[in-house]
1. Between residues in the stretch 89-112 that are free of Cβ contacts under 8 Å to residues at least 40 places away in the same chain and residues that are basic (Lys, Arg), which pairs lie under 8 Å by C-beta distance while being six or more apart or on different chains?
2. Might you check whether a residue that is of a type in the set (Lys, Arg) and surrounded by 11 or more Cβ atoms within 10 Å (Cβ to Cβ) occurs anywhere in the stretch 71-91?
3. Restricting attention to the stretch 2-36, which residues are surrounded by fewer than 19 Cβ atoms within 10 Å (Cβ to Cβ) and either without any contact (Cβ under 8 Å) to a residue 12 or more places away in the chain or at positive phi (or both)?
4. Look at Ile3 and say whether it is of a type in the set (A, V, I, L, M, F, W, C), farther than 15 Å from Ala110 by Cα and not in a strand (DSSP E or B).
5. Checking Phe156 against (1) closer than 30 Å to Asn64 by Cα; (2) at pLDDT 60 or above: exactly one of these is not met. Which one?
6. Give the stretch 40-63 a look and list any residue that's surrounded by fewer than 15 Cβ atoms within 10 Å (Cβ to Cβ) and either aromatic (Phe, Trp, Tyr) or assigned to a loop (DSSP other than H, G, I, E, B) (or both), or say none.
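The values are calculated or read from the model by the stated rules, or taken from the named source; none is laboratory data. None of the values given here were measured: they were computed from a predicted structure. Heads up, the Cβs are rebuilt from the backbone with ideal geometry, glycines too, and the neighbour counts pull from every protein chain shown.
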Amino acid sequence: MEIEMKIKGLVIDPISKMPIVVLEDIKKERMLPIWIGVFEANAISLKMEDVHTPRPMTHDLIMNFLNEFGATVEKIVVTDVRDNTFYANIHCQHHGQAIVIDSRPSDAIALSLRMEAPVFVEENVVEKAQSLKFDENLEDSEKLRKWLENLEPEDFGKYKM
């Protein structure tokens, strides 16, 4: 079963200093943090903050290709997590034909923002992510988990690179 989620925001992991995109289900009952790369975080941040660049960035280019060829993005789905690595699919339509494209979640999320497509996560991914080892140090892992659970809207301010 797929759970619809919204992008709650971007934060920096206080332990690893890596960006995290935080997804939250539409009922605001569950959150899913996904650690992503700096470039992908920048692509997500640019769109979330409605920043226009003088030339198309990679995800803008992909959107332009899809639009030019008459394809739409119906949804993106985070489908799996294995060995602390998340997997996603981009579900497209092109002239009535369904096309599913393998993707990193960060790229799929950046594209979904540009194409105004909904984000879903397979329920088993949310369940698996609850038991992910965030860090070998259990104390740090618990601190991080508590920190994520207690995030407030103001914690998601402007994303600084």
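1. The qualifying pairs are His91/Lys75; Ser112/Lys75.
2. Going through the stretch 71-91, the residues of a type in the set (Lys, Arg) turn out to be 75, 82.
Next, from what is left, pick out any that are surrounded by 11 or more Cβ atoms within 10 Å (Cβ to Cβ): 75.
Checked the stretch 71-91: at least one residue is of a type in the set (Lys, Arg) and surrounded by 11 or more Cβ atoms within 10 Å (Cβ to Cβ).
3. Within the stretch 2-36, Ile12, Lys17, Lys27, Lys28, Glu29 meet the criteria.
4. On the way: of a type in the set (A, V, I, L, M, F, W, C): yes; farther than 15 Å from Ala110 by Cα: yes; not in a strand (DSSP E or B): no.
Criteria not met by Ile3.
5. The number of the failed condition is (2).
6. Passing the criteria: Glu49, Asp50, Val51, His52, Thr53, Pro54, Arg55, Pro56.
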